[in-house]
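Trainee: The following block contains the structure, expressed as structure tokens.
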Amino acid sequence: MKELQLFNTLGREKQAFKPLNKQNVTVYHCGPTVYWTQHIGNMRAAFFGDIVNRSLRQLGYKVTFVRNYTDVGHLSGDNEGDADSGIDRMEKAAKREMKTPEEIAAFYKNQFDTDLEKLQVITPDHRPAATDYIDAMIHLTTDLLQKGFAYQTDLAIYFDTSKKDDYYKLSGQNKDMLQSGHGHGNVSDEKKKNSSDFALWFFKSGSHEHALQTWSNPFSSVDGFPGWHIECSAMIKDILGDSIDIHLGGIEHITIHHTNEIAQSESANNKSLANYWLHNEHLDVNGGKMSKSDGTSFSISDVEDAGFDAIDLRYFFLQAHYRSKQNFTWDALQASATALERLKSKIKLLPQGGTINEVQVNNFLDCIKDDFNTAGALAVISDVLKSDISDADKRATIMEFNKVLGLNLHESKDVNVSEVPEDIKDLLQQRKEAREVKNWQLTDDLRDQIASLGYIVLDTADGQKIEKLDN
């Protein structure tokens, strides 16, 4: 069998996975800033984290999986070229909806969790909220000050990037080319030493004089709040330790957020923060960037309102590699929903009680081990259905795959024939008549036609039984 290979952004190549502690794997996934409804691009990122989590567990590892909520300190300039500019996104939402930041966070955390449950994303072992780790952030900032990696001004405490020689190692950017244009935003601090320096802690002064979420701190008599980047470093250290196996996030995090995480964590702890950095690509819509103003920032609710199930979206995500851009269209989602319906109808017809076929399972896992190649893993299902193993073994084997795929392949709904649409009833009658004259080809064709419409026909001693797929 192959060994697990991961494409490590830190090194830009596939590398064999070697956990820090044998079969125990620690994973941290940068979660959402809970100030708005998460769009399906965010859902793709969460889905990817779930595939990593499920896959590692299926491969026999004991996983501690952490995904955070950011509910303070994420400024509107972050990830847009200036990590310390703009206003706090939670404050922006609070003013928009005339609620407190705490009310905003509670509402959108719940909405996010509900959407992920529909998407069959396994609940992480830990779901820390940034505001619950303020003391840990203060402690880490104090440590960096004491060790000479940070300095204080009247407006903030900054990490001194000139003290970190390999500051750009994750992004591979050229320091000299970046110096002239990095860090210019609507928050200015004349005492900031380097344009690439970033805030560990902001004081309630200057542009943040009216900040809504602030805490007392040992640095000043003026209250303040943490910068975005220190949050993840503090939560990782407190929950998982100084070093972890895998750190996940979107490609937009590479140049700023994750670069800053590495700088502060490794300077404070004198250890590598993470051995493997995995980053998922963006989801486009109709061939372009998702946009609220263009009405293409779709959510799970939009998917459901259009008549689809979140599992249809999960099947759509599975068809592309996480490091490749994927283009969402409603036609593409419809094709995924149809394909999933047909797959479920085929599986439903297979008897239970079989044995898992180890050869096919190994083929499936070889795809997963190749940097989580879910498209290849899906193709193995077709191989199983076409294989000469028994029908019962086919079902048992595919159900084993489903532990990673998370498609609810076993689910369908019993319905009374009187409740189905008239066109389905007509097809059922035609099939009954075809069976009576032993026209098996027509019988099979009608079964497939009914399946394409979302229903499964089972032949029992009492005649035809019909069930509806959950899609």
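The values are calculated or read from the model by the stated rules, or taken from the named source; none is laboratory data. These numbers were taken from a predicted model, which means no experiment stands behind them. Every residue, glycine as well, gets a Cβ built from its backbone with ideal geometry; the counts of neighbours run over all protein chains shown. Ligands, DNA and RNA are excluded from the accessible area calculation, which covers all protein heavy atoms including side chains. Shrake-Rupley method; radii C 1.70, N 1.55, O 1.52, S 1.80 Å.
Trainee: What percentage of all Cα-Cα pairs in the range 257-310 are separated by more than 12 Å?
Mentor: Counting pairs separated by more than 12 Å, the tail of P(r) holds 75 percent.
Trainee: Additional query: By what distance, in whole Å, do the Cα atoms of the range 1-145 stretch along each of the three principal axes, largest value first?
Mentor: 57, 43, 28
Trainee: Just to confirm the number: angle between the C-alpha axis of helix 101-118 and the first principal axis of the chain, 0 to 90 degrees, nearest 10?
Mentor: 30 degrees
Trainee: Still on this model: Accessible area, 1.4 Å probe, largest first: how do T355, T296 sort?
Mentor: T355, T296
Trainee: Okay, moving on. For the range 278-425, what's the radius of gyration and Dmax over Cα atoms, in angstrom?
Mentor: Just the Cα atoms of the range 278-425 yield Rg and Dmax of 17.5, 53 Å.
Trainee: Next question. May I ask you to give the solvent-accessible area per residue for the chain, in square angstrom, as obtained with a 1.4 angstrom probe?
Mentor: With all protein chains present, the chain gives 44 Å² per residue.
Trainee: Moving on. Considering the Cα positions of the range 320-404, please state its Rg to one decimal place and its Dmax as a whole number of Å.
Mentor: Rg and Dmax of the range 320-404, Cα atoms, are 13.9, 40 Å.
Trainee: Percent antiparallel among DSSP beta bridges with both residues in the chain, to the nearest 5?
Mentor: 55 percent
Trainee: For the chain, with all protein chains present and a 1.4 Å probe, just round the carbon and sulfur fraction of the accessible area to a whole percent.
Mentor: 45 percent
Trainee: Quick one: angle between helix 358-369 and the longest Cα principal axis of the chain, in degrees between 0 and 90, rounded to 10, please.
Mentor: Helix 358-369 sits roughly 30 degrees off the main axis of the chain.
Trainee: May I ask for the distance between the Cα centers of the range 365-393 and the range 321-339, given as a whole number of Å?
Mentor: Each part reduced to its Cα centre gives a spacing of 20 Å.
Trainee: Report S272's accessible area, 1.4 Å probe, all protein chains in place, as a number in Å² to the nearest 10.
Mentor: Number for this one is 50 Å².
Trainee: In whole angstrom, and with the biggest value first, how far do the Cα coordinates of the range 121-178 range along each principal axis?
Mentor: If we take the Cα atoms of the range 121-178, the spans are 43, 31, 20 Å.
Trainee: Another question, if that's okay. Take the cross-link list K204/K237; K237/K344; K95/K403; K18/K109; K18/K325 and give me the ones stretching past 32 Å between alpha-carbons.
Mentor: Violating the 32 Å Cα-Cα cut-off are K237/K344; K95/K403; K18/K109.
Trainee: Could you quote the convex hull projected area for the chain, Cα atoms only and averaged over all directions, in nm²?
Mentor: That works out to 25.1 nm².
Trainee: Can you give the calculated 222 nm mean residue ellipticity of the chain, where each DSSP H run of n ≥ 4 adds -39,500 (n - 2.57) and the sum is split over every residue, rounded to the nearest 500 deg cm²/dmol?
Mentor: Result for the chain: -12500 deg cm²/dmol, rounded to the nearest 500.
Trainee: If you take the alpha carbon radius of gyration of the range 226-351 and divide it by 2.2 N^0.38 Å, what ratio comes out, to two decimals?
Mentor: Against the empirical 2.2 N^0.38 Å value, I get 1.41 for the range 226-351.
Trainee: Further question on the same structure: Charges on Cβ only, +1 for Lys and Arg, -1 for Asp and Glu, centred on the Cα centroid of the chain; of S233, H74, F298, which one is farthest towards the dipole's positive end?
Mentor: Selected residue: S233.
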